[in-house]
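**Student:** I have a structure here, written as C-alpha cells, and I will follow up with some questions on it.
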Amino acid sequence: MRWKLTGDNVFKTLATILAASAAFILLVTAITLFNGSLPVFQRFGFGFFTGTQWQGNVIGSEVFGVLPYLLGTLITSGIALLIGVPISLGIAIFLVEMAPKTLRVPISFLVELLAAVPSVIYGLWGLFVLRFWVLDLIEKPVSAYLGWIPIFSGTPFGLDVFTAGIILAIMIIPTVSSVTREVIQAVPNSIREGAYSIGATKWEVIRHWVLSYGRSGIFGAVILGLGRAVGETMAVTMVIGNAIGPNAVPTSLFKPGQTMASLIANGYLEASPASLELPAFIAVGFTLLLLGLLINVVAHIMVTRVLKIKGGAVE
Amino acid sequence: MENTYKIVIAIVLIAIIVGGVAGYILLSPPAGTEQVSLSGSGATFPVPLLDKMITEYSTVKSNVLVSYEGIGSGGGISALQAKTVDFAGSDAPLKEAEREIAPNALHIPKTIGAVTVAYNIPNIATGLHLTGQIIADIFQGKITNWNDAAIQDINQDIMLPDHEIVVAHRSDGSGTTFIFTGYLSKVSSDWANTAGLGQGKTVEWPVGLGGNGNSGVAGIIQGTEYSIGYVELAYALENDMSVAAIKNPAGNYVLPSLETTTEAVAGKASQGLPAGDASWSTVDVLNAPGEQAYPIVSFTYLLVYKELNVIPGMTQAKATALVQFLWWVVHDGQQLSPALEYAPLPDNVVQINEASIQSITFDGQQLPTS
Amino acid sequence: MDNYAYRKFKNRLFFILSLACVIIAIIPLLSILFEVIIRGASQINLQFLVSVNGIGPAIQGTLILIGLTSLIGIPLGIMSGIYLSEYGNNRYASWMRTFNDLLTEFPSIVVGITVSVVVVVGLIGSFSAIAGAIALSIMLIPIVARTTEESLKLVPNSVREASMALGVYRWKTILRVVLPAGKSGLITGALLAVARIAGETAPLIMTVLGSRYFFQGLFEPMASLPITIWRSALQPSAAVQAQGWGAALVLILIVLSLNIGVRLVSRGRMRK
C-alpha cells in the first residue's frame, strides 16, 4: 500500500518519528559514551570493571578502575531504598487509608513539594544541616556501641556513604510515595469490603489484601525510586566524603565514599585532555548507563514474569 | 481558571523577554565603540583576584567584557586545547604531553599563592610547628594521632591532645592539590615513590574526607575538631583559620603570609626562570631558599596561544583587547593583589611576562600593549 | 493479651507509624525552606536581583534557559506523547515507551557529558546557552511525553469517536478535540517538568559554563542560578557564600511558585 500524502498520514508519520526522540537521544548518548571510553577499554579491557585504582598523573602509566564507585552507587541506592521505600509506603498508606479527608490535600501537597527542591539545594542543606543531624543523632551513638561491627567501623564525620544514602532516601520519597499512592488507590474497594466483612482490622486489610494486590505496581514504584537514586549527582557529591582509589571501596557505612555520578561531577572538568583520565571518566559514565539499563531490564522481567504469575486470578 | 493559565504563561514569557532586553540595554557599550568579549576558564585558586581585576579593568576599558569561570586547572587546559576559550588559568604548568596537544602556548605567571596547612585543634589556636616529613606522614596515614612523638617533639611548648587526626583533602581534581602533593613528594621519598601518590591534581588519598573546592576543605576543617587539611592562603585568612608554621630549608619554622611568600618567590626567581614559550613543567617554588621563605608556594599561570589565529572566532579587535588585558594584569593589576592576600609578581618575572606578551601575534602582526 | 486486643494494638501502632512516616518526610522540607530563608533572605534587595554585581545575570540566564528548553522540549515531548497515546498500541510504541522511561531516569551528569562532547566541542566550538538548552531539553522531553500520554489516555474514546464520526480527520481530531480535552493535564505536566529541570545543575556545568554578564548570545556562555549557587558555595568569602544562599532562595521561590501555582489551578479545575 503506497503512502499517500494526506494530512492524517503526514501527521502520523511525524508523530511516529518524533516518538523516537527518546530512543534517538539514548542512541547518541550510548555511541558518544562508548566512543569516548574506547581508549580506556582498549588499555584495560574488562579489568576496568574490577579495578579499584585511580592514578592518572603519570602519563603513559595510568591505571583506572570503576569498582569502588560502582559499589558506592549500589550501596547508597540500597540504603536509599531500605529507608525511603518503607517511609513512602507509610505515607501512601496514611494518605489513602487513614487520613481524614481534610488533611489529605495539604499533606500530599507538602510531600510533592519535596520533589520540587532542586538537587543542588538538597546538597547545600545536606552539607550544612543534615550532616550534623545524622552525625549527632545516629552515627556517633551507633559507632560508640556498635562500632565493632565492620559496617559501622571507623570514626564517623557525617560525610560518608550513610549520609548520602539518607539524602537519597529523602529525594526518592515523593516519587515512590505518589506512585504507590496511585497503586493503592486503584485497588478496588470490593477487596477491602470483603476483608472487613470477615472482621479484619484496618491494618490487616492493608497488609494482607491491599498491598498484595498492588504488588507489581509498588514494585514499579520502587524501581523508579532506584533509578532516581542511581542517577542523582549534585546532592550526593556534597555529602559523600569523596574518597578516591582503593580507599573508596565502601567497607563501612561511616567511611567517606564515592558514587559513579559524584566521581564524574568532581573530576570531569579537571581531567587533562592529554591523559587517559578524560576517557576514564567517560567510561565511568558508560558504566552508569549500563547499570541503568540493567536495572530497567531486570525490573521489566520481574514485573512481566514473576509478579504477574503470582498475582494469579486477581490480575 | 482558564485565564489564570494564560496569565501565568504570559508573565513567564514577558519576564524572559524583558530580562533579555534589559540585559542588552544594560550591556550596550557607549556609542561608537565596539564591544569585545573575552572568555577564559580554569583554576579556581586565582578566582578572587581575577574577579577583582576584571571588575577593575571594566572601568579602564569599558567596552571589553572579560569573563573567567573557575572550573579547575584541568578544565582550563581542556578548554585551551579545544580552543573553546581565549585564555586559560592553571595552577600547574603544562606537562610535556599537554604542551604537545596545545602547541605554542605561553605561560604567563599571573600571581603567586601559598598553600597553608590548616588545622582545628580545640584550645590550640596558634603555634603548631610541623615539618614536611610529618605532614606527608599524616596525609599518608602513617601518623594518626595528634600526640604522636614526632609531632610532640617539635612542639615542646604545646600540650597536644590524644586524639585521632582527621585529614581533609580535595575531592575535585585541583591545582592546589598539585602544588601540595608536589611539596609532599619533595619532602618525603615515601610519598614520592608510592604508586597512586606522588604529585598530581588528583591522588589516591589513603585517608581522609574529601571536600569540594578550597571552600569545601576549609568547611570540613572548621566543622570537624582535630582535623587538618590544606587550603590556599587567601581562604585560610578569609576564614580566620589556624595554620601551621612549617620548617623551611633554612631551618626556620615559617608561617604563611604575604611576606614569607614573596621572599620565597624572590629567592626562586633569582635562580632563573624559563622564557614564556618554553617548558615550565619543571618550575616550582617549593622549598625555596631564603631565611623566612615559606616552603609551599606556587605561581598560578594564565595560558594563551602565541599565535591567536588558531582560535576560531578570533578577530583583530579581540586579539588586541586580549593582549592589552594581559599587559594590564601583570602591571597595574598587580596592585590589587596584596589586599586579597596574593603576592605581587617580582620585577624579573614581570619582565619575562612582558617579553611573552609582546610575542603574541595575530595575522603575523605584533599587537599593541596599551 | 487476647488475640483481638493484640490485633487492635497492632492496628493503632501502625497508624502511629504511618503518621510518623509522614512527619519524617515533612521535616526535611521544612528544614530546607527554613535554612534557605534564614541564610538567603538578608541578600534580597532590588540591587541584588537585577544588577550585574548581584544575581541579575543568573536570574536572566535561568529564565532564558526555561524559555529555550520549553520551546525545544515541549513540542517534541507532546508529539511523542500524542503518538504513544493515539497510535501506540503496537510493538514499536511499546519499545519507544520503554526507551522513554529509560531516559526519564537518566543521570543528569551523563546528559551533560554527551551534550558537552557532541554539541560544545563537536558542533559549536564553545560553551553556549543553546548547548545548555539542548541538555535540559533532553531531560524534559521524556517527562513531558509521559505526562502527555497519560493525560490524553484519560480523554474518553467516545470523544474521539464522535469527532471522527462527524467526518473530522484523525489528525484534526487529535489537535482540535483530544488535545484541548486533555489540556489541563498537559499544561500541568509540562509546567511541572519545566520546574523540575529549572533546578538542574550537572548538565549546565559542562555546557553553559557560566558567566558574570547578562545574556551575550545563544552561542556564548551564560549565567544561571544553579551554577551560581554551586560555585558560590565553593568560594571562600562569607559574602560570596551568602550570595549563593540568596540565589538559592530565588531559585526555590521560582520553582516552588511554579509548582504551587500549577497545583492550585489544576485543583480548582478538578473541583468543577
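The values are calculated or read from the model by the stated rules, or taken from the named source; none is laboratory data. Every value quoted in this text rests on a predicted model; they were computed, and no experiment measured them. Positions of Cβ are backbone-derived with ideal geometry, glycine not excepted, and every protein chain shown enters the neighbour counts.
**Student:** Six or more apart or on different chains, Cβ under 7 Å: which pairs go from a residue in the stretch B:139-167 that's farther than 15 Å from B:HIS129 by Cβ and in a loop (DSSP other than H, G, I, E, B) to one that's aliphatic (A, V, I, L, M) and modelled with pLDDT under 90? Could you list them?
**Tutor:** Final answer for the pair search is B:GLY141/B:VAL207.
**Student:** Only helices (runs of 4 or more DSSP H) wholly contained in the stretch A:205-280 count here; list those with 2 or more residues that are under 20 Å from the mean Cα position of the chain (by Cα) and of a type in the set (Lys, Arg).
**Tutor:** Per the criteria, A:215-231.
**Student:** So, of the residues in the stretch B:169-210 that are in a strand (DSSP E or B) and within 7 Å of another protein chain (Cβ to nearest Cβ), which turns out to be nearest to C:ILE205 (Cα to Cα)?
**Tutor:** B:GLY210
**Student:** Restricting attention to the stretch A:94-112, which residues are facing chain C (nearest Cβ under 7 Å) and free of Cβ contacts under 8 Å to residues at least 24 places away in the same chain?
**Tutor:** A:PHE94, A:ILE107, A:PHE109, A:LEU110 - these are the residues of the stretch A:94-112 that are facing chain C (nearest Cβ under 7 Å) and free of Cβ contacts under 8 Å to residues at least 24 places away in the same chain.
**Student:** Of the conditions (1) among the hydrophobic types (A, V, I, L, M, F, W, C); (2) touching an Asp or Glu at 6+ places or on another chain (Cβ under 9 Å); (3) modelled with pLDDT under 90, B:ILE134 fails just one. Which one is it?
**Tutor:** (3)
**Student:** Can you name the number of the only condition in (1) part of a helix (DSSP H, G or I); (2) out of contact with any helix residue (DSSP H, G or I) (no Cβ under 9 Å at 6 or more places or on another chain); (3) away from chain A (no Cβ under 13 Å) that B:ALA236 fails?
**Tutor:** B:ALA236 satisfies all of (1) part of a helix (DSSP H, G or I); (2) out of contact with any helix residue (DSSP H, G or I) (no Cβ under 9 Å at 6 or more places or on another chain); (3) away from chain A (no Cβ under 13 Å) except (2).
**Student:** Looking at the stretch A:258-295, which of its residues are surrounded by fewer than 24 Cβ atoms within 10 Å (Cβ to Cβ), more than 8 Å from chain B (Cβ to nearest Cβ) and either in contact with a Phe, Trp or Tyr (Cβ under 6 Å, 6 or more places away or on another chain) or farther than 11 Å from A:VAL230 by Cα (or both)?
**Tutor:** Result: A:LEU276, A:PRO279, A:THR287, A:LEU290, A:LEU293, A:LEU294.
**Student:** Mind listing whichever residues of the stretch C:40-63 are more than 14 Å from chain B (Cβ to nearest Cβ), surrounded by fewer than 19 Cβ atoms within 10 Å (Cβ to Cβ) and either within 25 Å of the chain's Cα centre (by Cα) or not in a helix (DSSP H, G or I) (or both)?
**Tutor:** Hits for the stretch C:40-63 are C:ALA41, C:ILE44, C:ASN45.
**Student:** To continue, here is another question. Being modelled with pLDDT under 90 and among the polar types (S, T, N, Q) is the filter; apply it to the stretch C:115-146 and report the residue that is nearest to C:PRO221 (Cα to Cα).
**Tutor:** My answer is C:SER128.
**Student:** So, in the stretch C:17-36, of the ones that are buried (at least 16 other Cβ atoms within 10 Å of the Cβ) and of a type in the set (Val, Ile, Thr), which residue ends up farthest from A:ALA99 (Cα to Cα)?
**Tutor:** Ranking the candidates gives C:VAL36 first.
**Student:** Can you tell me which residue in the stretch A:99-140 is nearest to the chain's Cα centre (by Cα), limited to those that are of a type in the set (Asp, Glu) and either within 19 Å of C:ILE23 (Cα to Cα) or surrounded by fewer than 18 Cβ atoms within 10 Å (Cβ to Cβ) (or both)?
**Tutor:** A:GLU112
**Student:** So, one more: Residues in the stretch B:258-300 that are more than 15 Å from B:ILE179 (Cβ to Cβ) and not in a loop (DSSP other than H, G, I, E, B): how many?
**Tutor:** Of the residues in that region, 8 qualify.
**Student:** I need a count of the residues in the stretch C:170-187 that are surrounded by fewer than 19 Cβ atoms within 10 Å (Cβ to Cβ) and touching a Ser or Thr at 6+ places or on another chain (Cβ under 7 Å).
**Tutor:** Of the residues in that region, 1 qualify.
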